[in-house]
Amino acid sequence: MPGANQEKSTTEFDRETYVKMLIAIARADKDNGLPEYRFIRKQAIQLGVDYEQVLKDTDKDFEIGTHKVSRLTALRVLKDAVMIASMDGNFTLPEKHKLYTYAEKLDIPRTDVDEVETLVKQLKELDQRWKELVAGHPNE
């Protein structure tokens, strides 16, 4: 029943597609390396996805085609893709292009993508502030 699986994937979080999309986005930037793939591997393991197999089966040209995913899956992919893309401090044109292409195919408006980018930036700033707070005030 392929139709039933496709319908199910539109209302629930699609773990394997999520991991495949992150891999494709990471592969869009030839300068991505161990930190980006470690992040994806960690996400896959937490979700119970066979990372090694999905990595082997997914290239940078992976397309979602007509496969429908939930808004939750789409937005989580976009959020984590921005995280991956900005890990090296350089959100490259190929990464942005892949991100915007996926957003368009997933029916996520550009304004929502921009909001996700802003939220990720704020998350990183909050994380940095937290680390500084935990470190204390060494000069006091």
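The values are calculated or read from the model by the stated rules, or taken from the named source; none is laboratory data. What you see is a predicted model; the values in this text were computed from it and never measured. All Cβ positions, even for glycine, are placed from backbone atoms using ideal geometry, and neighbour counts span all protein chains on display. In case anyone asks, the SASA skips ligands and DNA or RNA and just uses the protein heavy atoms, side chains included. Shrake-Rupley method; radii C 1.70, N 1.55, O 1.52, S 1.80 Å.
Structure data summary
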item	result
Neighbour-limited loop hits for trypsin sites (Lys or Arg not before Pro), the stretch 45-140 (at most 13 other Cβ within 10 Å; DSSP other than H, G, I, E, B)	none
Charge tally in the Cβ shell below 14 Å around Ala103, where Lys, Arg are +1 and Asp, Glu are -1, Ala103 excluded	-2
Accessible surface, the chain, averaged per residue in Å² (probe 1.4 Å)	64
Loop GluC sites (Glu not before Pro), the stretch 40-99, which have at most 16 other Cβ atoms in a 10 Å radius of their Cβ (DSSP)	Glu63
The chain, accessible surface, carbon-and-sulfur percent (1.4 angstrom probe)	53
Reachable lysines from Lys42, criterion Cα separation under 22 angstrom, eight or more residues apart if same chain	Lys20, Lys30, Lys56, Lys60, Lys79, Lys98, Lys121, Lys124, Lys131
With all protein chains modelled, accessible area of Leu123 [1.4 Å, Å²]	90
